[in-house]
């Protein structure tokens, strides 16, 4: 049985559309630096955060499970996340913040600065 520890590094907003949501790039490390792209609608931050954690866990399991081994325990991978509750809360707060900024930009009545606000949303990131 293998044990892998996941450490989240950062999250970035990519390909943002005010109507359709966008993609989140999730950078993490499990001994190697890896990246996962998650399509996000920015509707329910808590659900999106838990789905991101689940996708990262599944990706690490699929990359590290060894089916062609003599030991039957080698196909099992134990996943540990550094600061598990804190990571999910940070991801949720980041998604909630992006959602609020999208709402402010979407319903802003000022034409000046609209494109600047939209571009600042596209490049928004969070470090862990």
Spherically averaged projected area of the chain from its Cα convex hull (nm²) | 8.3 nm²
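So if R0 is 22 Å, what FRET efficiency would residue 76 and residue 32 give, r being the distance between their Cβ atoms, rounded to the nearest 0.05? Walk me through the intermediate numbers first.
Working: r = 20 Å, r/R0 = 0.90.
E(calc), rounded to 0.05, equals 0.65.
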Cα centroid of the range 1-73 to Cα centroid of the range 79-121, whole Å | 18 Å
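Starting with the fewest neighbours, write out 88, 46 ranked by other beta-carbon atoms found within 10 Å of each beta-carbon. Mind showing how you got there, number by number?
Working: 88 17, 46 13.
Fewest-to-most ranking of 88, 46: 46, 88.
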What ranking of 40, 75 emerges when the number of other C-beta atoms within 10 Å of each C-beta is taken as an exposure proxy, fewest first?
-> 75, 40
Rounded to the nearest 10 degrees, the helix 45-64 long axis (Cα) sits at an angle to the longest Cα principal axis of the chain of 30 degrees
Normalising by the residue count of the chain, find the relative contact order in percent from Cα pairs under 8 Å and 6+ residues apart.
-> 34 percent
By counting other Cβ atoms within 10 Å of each Cβ, how are 8, 76 ranked from fewest to most?
-> 76, 8
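In nm, what is the difference between 0.36 nm times the number of residues separating residue 106 and residue 23 and their Cα-Cα distance? Let's see the in-between values first.
Working: separation 83, 0.36 × 83 = 29.88 nm, distance 1.78 nm.
The span from residue 106 to residue 23 would gain 28.1 nm if fully extended.
Since every read-out is calculated from the coordinates, none of them should be taken as a lab result. Computed from a predicted structure; not experimentally measured. Positions of Cβ are generated from backbone atoms using ideal geometry, with glycine treated the same way; all protein chains shown enter the neighbour counts.
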